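The values are calculated or read from the model by the stated rules, or taken from the named source; none is laboratory data. This is a predicted model, so every value here is computed, not measured. Using ideal geometry, Cβ is built from the backbone for each residue, glycine included, and neighbour counts are taken over all protein chains shown.
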Amino acid sequence: MRTVLDVPAKTLDTSEMAFVAEVREHGFIRTEVSGDREGPGFSYSTGFWVTTSQPEFIMFGMMGEAAHTVFWDLYRDAQAQAALSFGKKTDRVFANLPACIFPIAKRFYADHLGWSRWFYRGDEFPCLQVVWPDREGVFPWEAGFDPAFSDRQSDLTEQGWQASLVV
């Protein structure tokens, strides 16, 4: 797999060199995107795929240090080759709430994974979405989900979260 790690440093600008340095030093970098009227804020990883052969991650509504801590935990699991199951509730992501993990559709890469696409020189890398429930542990596709949280996560799956569940 060709990545930006393979290009001469002299072809990169200052921001690009800093990005690559983070991946080289820590194994991944987290990019944070602020929310706006078009959608909620989110964070995503770049580097998991090249350093651990495990998918990248994207997570909506969780920013800053909280998101970084979750990504570090996911990265340590990726290093240990501890893969997460898709479409099932898991307690391996958050300490106090379940999560669900879904593969995201490639059609969402351009709008959500800019630095990862640049780093991997295209869309040939997998990415998983971490979906979290409301305060009561109810997920967006379940009856009783708190509507106050309905605009905090975007569904990036191919056919919808509910259709992607494994029962």
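A Cβ distance below 9 Å, combined with a sequence gap of six or more or placement on separate chains, defines the contacts here; from segment 73-96, residues that are closer than 12 Å to GLN54 by Cα reach residues that are acidic (Asp, Glu) and surrounded by 13 or more Cβ atoms within 10 Å (Cβ to Cβ) in the pairs ALA83/ASP77; LEU84/ASP77.
Name the single residue that is nearest to CYS127 (Cα to Cα) among those in segment 1-56 being in contact with a Ser or Thr (Cβ under 6 Å, 6 or more places away or on another chain) and free of Cβ contacts under 8 Å to residues at least 40 places away in the same chain.
Filtering segment 1-56 for residues in contact with a Ser or Thr (Cβ under 6 Å, 6 or more places away or on another chain) gives 27-30, 32, 39, 41, 44, 46, 50, 56.
Applying the additional criterion that residues be free of Cβ contacts under 8 Å to residues at least 40 places away in the same chain yields 32, 41.
Details: GLU32: 16, GLY41: 17 Å.
Ranking the candidates gives GLU32 first.
For segment 150-164, the criterion of being more than 25 Å from PHE19 (Cβ to Cβ), surrounded by 14 or more Cβ atoms within 10 Å (Cβ to Cβ), modelled with pLDDT of 95 or more and hydroxyl-bearing (Ser, Thr, Tyr) is met by at least one residue.
Is it the case that segment 71-89 has a residue that's modelled with pLDDT under 95, farther than 30 Å from THR3 by Cα and not acidic (Asp, Glu)? Scanning segment 71-89 turns up at least one residue that is modelled with pLDDT under 95, farther than 30 Å from THR3 by Cα and not acidic (Asp, Glu).
Could you grab me the full set of residues in segment 115-164 that are among the hydroxyl-bearing types (Ser, Thr, Tyr) and in a loop (DSSP other than H, G, I, E, B)? Scanning segment 115-164 gives SER150, SER154, THR157.
Please list, ordered by first then second residue, the pairs with beta carbon atoms under 7 Å, 6 or more apart or interchain, first in segment 140-167 and farther than 15 Å from PRO40 by Cβ and free of Cβ contacts under 8 Å to residues at least 40 places away in the same chain, second surrounded by 17 or more Cβ atoms within 10 Å (Cβ to Cβ) and among the polar types (S, T, N, Q). Close Cβ pairs (under 7 Å, with a partner that is surrounded by 17 or more Cβ atoms within 10 Å (Cβ to Cβ) and among the polar types (S, T, N, Q)) do not exist here.
Selection within segment 1-58: residues that are among the polar types (S, T, N, Q) and in contact with a Phe, Trp or Tyr (Cβ under 8 Å, 6 or more places away or on another chain). The member of this set that is nearest to PHE71 (Cα to Cα) is SER45.
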